[in-house]
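Shown next, in structure tokens, is the structure this report addresses.
The values are calculated or read from the model by the stated rules, or taken from the named source; none is laboratory data. A quick note: this is a predicted structure, and the numbers were derived from the prediction, not measured. All Cβ positions, glycine included, derive from the backbone under ideal geometry; neighbour counts span all protein chains shown. Note: areas computed on protein heavy atoms with side chains; ligands, DNA, RNA excluded. Shrake-Rupley method; radii C 1.70, N 1.55, O 1.52, S 1.80 Å.
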Amino acid sequence: MIELKRLNAFVTVVEVGSITRAAELLFIQQPPLTRLLQGLEQEFGVPLLQRLPRGVIPTEAGEVLLQEARAVLARAAQLTAAMQRAAQGEQGRVRIGFTSSAALHTFVPALLRRYREIYPAVSTQLEESGSGELLAAVVASELDVAFVRMRVKDMPELEMEKVLEEPMWVAVPAGHKLAAQTTGQPLKLEDLSNEPFVLYRRRAGQGLYDAILAAYVRAGFSPHIVQEAPRLTSCLSLVGAGLGISIVPESMTRLGGDGVVFLPLDAATQLSAPLYLARREDSHSSAIINTFCQLVKSQLKAD
């Protein structure tokens, strides 16, 4: 295995055409440099330099070694730079999970776009799923970070920080009597007391599921749940099919949907949809995760 410093010494000698001058540039004595060159020739079994009365020039074999050595040294310099970028969180891979509603909020796409602009050498692996599945993937180190809708207390391995909070809206089938209202007044939960309700499955979205049920309890009644859906997008499809109404984060209104009308919900219901960023407690040694989380914070301040 040829050491990089030996290749660098050979290239320097050829480029300046003098062992004496090369020794000065390399900050070594001439005799050790001469022995180094002789060692290379013995190792390859061919002469690499032709000694002239004044200086040296490479032999044909030396010319080949010169080109190959330059390529190796350039690749080694690139490798060193890549390691430095990785240590600063500027190169590598980050695995990001998000819920379907998080992807529809303007904050998350804008964040990912800015992240790619600032750190083009970092590849992003994206995965969409329910909050429960995403948190389990972060704990299992299958994801680095995840944007989820619920905060958990029974996963001490996780560190969670609230990113934002958005209002909830009522999704009703087009042609529904509520959709025909022209007063513009936000709906109260009492207005929904007798409506068939389509709800996001608790296993996938425990946070939103529990928040909605708690709001109904505060209002003094329970929702008439006729169907549970695995995704919020599925809820909207069922609403559009006329199976019932649903309550979804405001960001879901950007998705629209055939046969679905969105109506504002009264703030007195105290219903909102928080968005959290989850990471592992032991992930602070990862420069790339730290860099991503710092960008989240700076993006929030910018917004």
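What residue, of Leu271, Leu243, is over 22 Å from Val139 (Cα atoms), open to solvent by 10 Å² or more (accessible area, probe 1.4 Å) and modelled with pLDDT of 90 or more? Leu243 is the lone residue from the list that is over 22 Å from Val139 (Cα atoms), open to solvent by 10 Å² or more (accessible area, probe 1.4 Å) and modelled with pLDDT of 90 or more. Elements of the type strands (runs of 3 or more DSSP E) sitting completely within segment 196-303 and holding at least 1 residues that are touching a Pro at 6+ places or on another chain (Cβ under 6 Å) and in contact (Cβ under 8 Å) with a residue 40 or more places away in the chain: these cover 196-200, 260-264, 272-280. Annotation note: of Ala102, Ala110, the sole residue that is of a type in the set (Gly, Ala, Ser), over 23 Å from Ser283 (Cα atoms) and not assigned by the TED database to the domain that holds Leu255 is Ala110. For segment 145-156, the count of residues that are farther than 17 Å from Leu300 by Cβ and part of a helix (DSSP H, G or I) is zero. Selection of segment 95-115 for residues being open to solvent by less than 30 Å² (accessible area, probe 1.4 Å) and within 9 Å of the chain's Cα centre (by Cα) yields Ile96, Gly97, Leu112, Tyr115. Residues in segment 16-43 that are closer than 16 Å to Pro58 by Cβ and surrounded by 14 or more Cβ atoms within 10 Å (Cβ to Cβ): Val16, Gly17, Ser18, Ile19, Arg21, Ala22, Leu33, Thr34, Leu36, Leu37, Leu40, Glu41. Filtering segment 210-250 to residues that are hydroxyl-bearing (Ser, Thr, Tyr) and out of contact with any strand residue (DSSP E or B) (no Cβ under 6 Å at 6 or more places or on another chain) leaves Tyr216, Ser222, Thr233, Ser234, Ser237.
Taken together, the residues in segment 44-74 that are of a type in the set (A, V, I, L, M, F, W, C), open to solvent by 40 Å² or more (accessible area, probe 1.4 Å), farther than 20 Å from Glu24 by Cβ and not in a helix (DSSP H, G or I) amount to 1. Filter segment 116-158 for residues that are surrounded by 16 or more Cβ atoms within 10 Å (Cβ to Cβ), within 15 Å of the chain's Cα centre (by Cα) and farther than 20 Å from Leu104 by Cβ and give the result. Selection gives Tyr119, Val122, Ala137, Val138, Asp144. I'd like to check something: does segment 9-31 contain any residue that is under 43 Å from the mean Cα position of the chain (by Cα) and at pLDDT 90 or above? Checking segment 9-31: at least one residue is under 43 Å from the mean Cα position of the chain (by Cα) and at pLDDT 90 or above.
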